[in-house]
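What follows is a short report on a single structure.
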Amino acid sequence: MNQIREKKWLLAAALSPLVGFLVLNLLFPLPVDQLHPASSTVVLDRDGNLMRAFLAPDEMWRINVAADEVTPSLRQAVLAYEDRRFYVHSGVDLIAVARAMAANLRAGRVVQGGSTLTMQVARMMEPKPRTLANKAIEAFRAWQLEWRYSKEEILTLYFNMAPYGGNLVGAGAASYFYFDKHPSQLSLGEAALLAAIPNNPNRYRPDLDEAAARQARAKVLGLLADQSEITATARDEAGTEPVPEKRYELPFLAPHLAVQLAGQYVDAERLTTTIDADLQARVERMLYDHLKPWMGYGITNGAVVVLDNETQGVLALAGSRAFWDEAAQGQVNAATAPRSPGSTLKPFIYALALDRGLVAPQTLLFDVPVDFSGYQPENYDRTYSGVVHAEEALIRSLNVPAVNLAAKLHDDGIYQFLKDAHVTTLTEPSHHYGLSLILGGCEVTLLELTNLYAGLANGGRFRPYRLLQSDPMTEGEALLDPGAAFIISEILSKLRRPELPAVWEWSRDMPKVAWKTGTSYGHRDAWSIGFTPRYTVGVWIGNMDGKGAPALVGAETAAPLLFALFNHLESRTDQSWFDLPAHVETRRICSTSGGLATPRCPSTRSEYFVPGRSPVKPCDLHRLIMIDKETGHRLCSHCRRGRDYTEKVAAHWPAEIAVWLEKNGYPLDDIPEHLPGCNRVAEGEPPVIRSPQPDAEYRLRAGVPADFQKILLDASVSNQTSEIYWFADGDLLYSGPPTERVFFTPTVGTHTLLCMDDEGRSSEVEITIR
């Protein structure tokens, strides 16, 4: 019975310290939050290298690292110098305490401390004056730390909390500021110095006292050798390493992106981006050098974005020429600033038209003056070509054909496409932009515009761009048929443009690139966007304040930098081009009309097309006509009977364009008048009334004579029509050649205006005068 009682007392005695600790642990919980003060936000490249860091909220530099991220030499040095029995004790090393007490008694002063590394973490967690009472508290906190955390976690806490002088906290910050490297790359001598500094940060800082730093490093190296952690030779070699005389500047790459991400992820310690650091540095330097000669022309800034088409990751982003150039507002991120895109959206109108079957590359488009309820688009040079093939219209960046296509796409057109393709700057409803959107009547950012072109490079599949390695890689949405995307890429790769012959010398030996330029209204923005199978690059040149400059032209200021960048990018890899999609085929078409070739077409050419999507209308421009040998009149199948006639092929231009071509001196085939007296109803298109528009409303201005408010009557007819007739409410107003200008004197009321050609075909519109 007594033996049982004794065992209980022994058990109680053994458990009482544990019970006491648990009670105290409940009463005085570990202040865990003080173990993790707010850290610096560090922005890394895709390989984990530092690009930029930001001060912690308390103005300290804390670049946190894990214990396994520091070089083994630093671990060895810290444990040898601070706590060689770290992996043996449970927070308080009684042997070390006894050894320190004996040493201090012999010396008659404090020459050695007994604090373990865990106790030092406790002291850094709760800084207090060094008294016996506070020492006891440190010991208790050390036991709490050992109870809660593993040895590796405690070592990590030490590496991130140790003071290194000034506003440097932790081995991560000290490694960068003292040695310009990550703590995993430290040499033995560097590691020994970092192990010593926290023991007396102000004394051992190498940038303040080089001799004291050398002495402290030698002491650590000596301990490592004495403990057989290193050889004497290694100790001696490490002792000869130079000691830094000043702090290094932290890396400063991609500053605009770093600021953006740090502001977006305010609580993040590390932000690992998709940036290629070497390429980023090269892009920043090339942009800076490229703009030097343009500064004298009133052009002060620019931006560049480089995308990896496979991952949609941003490989480089330069937001301005010089981040610290206050005069040029260098801290503004021009890569994400909304700007007018000029003509850079035009390829997507043609891509949509190809996708919807409205055009093929050689489809004939009209390039003549047009009026969309008061909106009258003009080409850049204020001239018109009459008719132009779709491919040429895109290569020459003509405005009128692009607007005409945009109008044909109606509501399900470019606006909705851009929204679906992750363009976020279209904040107004579609009608706010209207047809002018395609000519730059909106705002986009260089980053989103570059990403938009990457969708073409990816076969019509559009995905969000990625800035961080943690951003998901999605499949995206197929907004265009791969064949349409391929055909547009082929068109955009045909670099030579007749209207800009002076800028092509530098492009002859460049890699094959699909690209487009743009210049915004008032010469405020110059753009050049291009892509290859691997990369998409966007360049913007301009001024942050939006001030225009005559030299701001996309092909002259932005395109040279674009091709310099591609020359560098493609030199790093084997050049290749897009594979022809399996469903894209070639066919013969009429060289003039763009329709499917017929035996009547004088010349033909080849074009890519997408079966099932591309238009399949045969050429109806070149028609066989029969001419009476006796009278020279044109015969139809009805009146040719019994007459001697010859046959020839003539170009019958559509009514929408023939009159304009004739007015502007384009040679048209002479098509004789139909044989008089033939009572067969004429076939073909009636006149196309261009002015006034159907259901148009006009208001008479009081006090202005009616003769000064006349309304232009304008109609287009085919080149086989030699005379037209205008009627107003049944009364004949005019008869004569279709090239003459005709005016209607308005009176209040509703009026019907009719135009008839010389073969009886007619069209009419109704207008209202108020």
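Ordering Leu580, Ala353, Trp540 by Cα displacement along the dipole of the chain toward the positive end leaves Trp540 in first place; charges were set at the Cβ atoms of Lys, Arg (+1) and Asp, Glu (-1).
Spit out the partnerless Cys residues in the chain, using Cβ distances under 4.7 Å as the pairing rule. Singleton cysteines: Cys442, Cys636, Cys755.
Treating each Cα of the stretch 696-770 as an identical point scatterer and ignoring solvent, apply the Debye formula and state log10 I(q)/I(0) at q = 0.14, 0.16, 0.19 Å⁻¹. Here the Debye-derived log intensity ratios amount to -0.46, -0.59, -0.78. Overall, the accessible surface of the chain at a probe of 1.4 angstrom is composed of carbon and sulfur to the extent of 52 percent.
Lys292: which lysines have alpha carbons under 21 Å from its alpha carbon, excluding same-chain residues fewer than 8 sequence positions away? Straight-distance partners of Lys292: Lys547. Other residues with beta-carbon under 13 Å from the beta-carbon of Pro692 carry, at +1 per Lys or Arg and -1 per Asp or Glu, a net charge of -4. Please give, to one decimal in nm, the separation of the simple spin-label points placed at Thr745 and Asp412, each 7 Å out from Cα toward the Cβ. Here the answer is 5.0 nm between the modelled labels. With a Förster radius of 30 Å applied to the beta-carbon distance between Ser691 and Asp670, the computed FRET efficiency rounds to 0.65.
Can you give the relative contact order of the chain as a percent, counting alpha carbon pairs under 8 Å and 6+ residues apart? Normalised by residue count, the contact order of the chain is 9 percent. Against the main long axis of the alpha-carbon atoms of the chain, helix 277-291 sits at an angle near 50°.
Seen from all directions on average, the stretch 575-647 presents a Cα convex hull projection of 7.3 nm². Could you compute the FRET efficiency for Glu249 and Glu428, with r as their C-beta to C-beta distance and R0 at 41 Å, rounded to 0.05? It comes to 0.40.
Taking a straight Cα-Cα cut-off under 22 Å and skipping sequence neighbours fewer than 8 places away in the same chain, the lysines within cross-link reach of Lys710 are Lys663. Compared with the rule-of-thumb size 2.2 N^0.38 Å for a compact globular protein, the stretch 620-770 has a Cα radius of gyration ratio of 1.22. Computed over the Cα atoms of the stretch 217-361, the ratio of the radius of gyration to the Kirkwood radius (Rg/Rh) comes to 1.24.
Give the Rg/Rh ratio for the chain, taking Rg as the radius of gyration of the Cα atoms and Rh as the Kirkwood radius, to two decimals.
Result for the chain is an Rg/Rh of 1.22.
Taking only DSSP H segments of four or more residues, each worth -39500 (n - 2.57), what value at 222 nm results for the chain once the sum is divided by all its residues, to the nearest 500 deg cm²/dmol?
Calculated from helices alone, the mean residue ellipticity at 222 nm is -9500 deg cm²/dmol.
Extension gain, Val266 to Leu712, is 154.2 nm, computed as 0.36 nm per intervening residue step minus the present C-alpha separation.
In this structure Arg623 has an accessible area near 90 Å², from a 1.4 Å probe over the protein heavy atoms. Only aspartates and glutamates eight or more places from Lys151 in sequence, or on another chain, were considered; those with a Cα closer than 13 Å are Asp68, Asp83. Ranking Phe140, Phe743 from most to least accessible surface, computed with a 1.4 Å probe over the protein chains only, gives Phe743, Phe140.
By a 1.4 Å probe calculation restricted to protein chains, Phe177 has an accessible surface near 20 Å², given to the nearest 10. In the structure shown, the pairs Lys181/Lys246; Lys346/Lys516; Lys494/Lys516; Lys408/Lys617; Lys219/Lys246 are assessed against 20 Å; a Cα-Cα span above that value is assigned to Lys219/Lys246.
Largest first, what is the accessible-area ranking of Glu475, Glu126, Glu740, Glu210 with a 1.4 Å probe?
Most to least solvent-accessible, the answer reads Glu475, Glu740, Glu210, Glu126.
Estimated at 0.36 nm per residue, the fully extended path between Glu59 and Tyr521 surpasses their Cα-Cα distance by 161.8 nm.
The values are calculated or read from the model by the stated rules, or taken from the named source; none is laboratory data. Computed from a predicted structure; not experimentally measured. Here the Cβ is made from the backbone with ideal geometry for all residues, glycine too, and neighbour counts use every protein chain on show. Side chains are part of the model used for accessible areas, which takes the heavy atoms of the whole protein and leaves out ligands, DNA and RNA. Shrake-Rupley method; radii C 1.70, N 1.55, O 1.52, S 1.80 Å.
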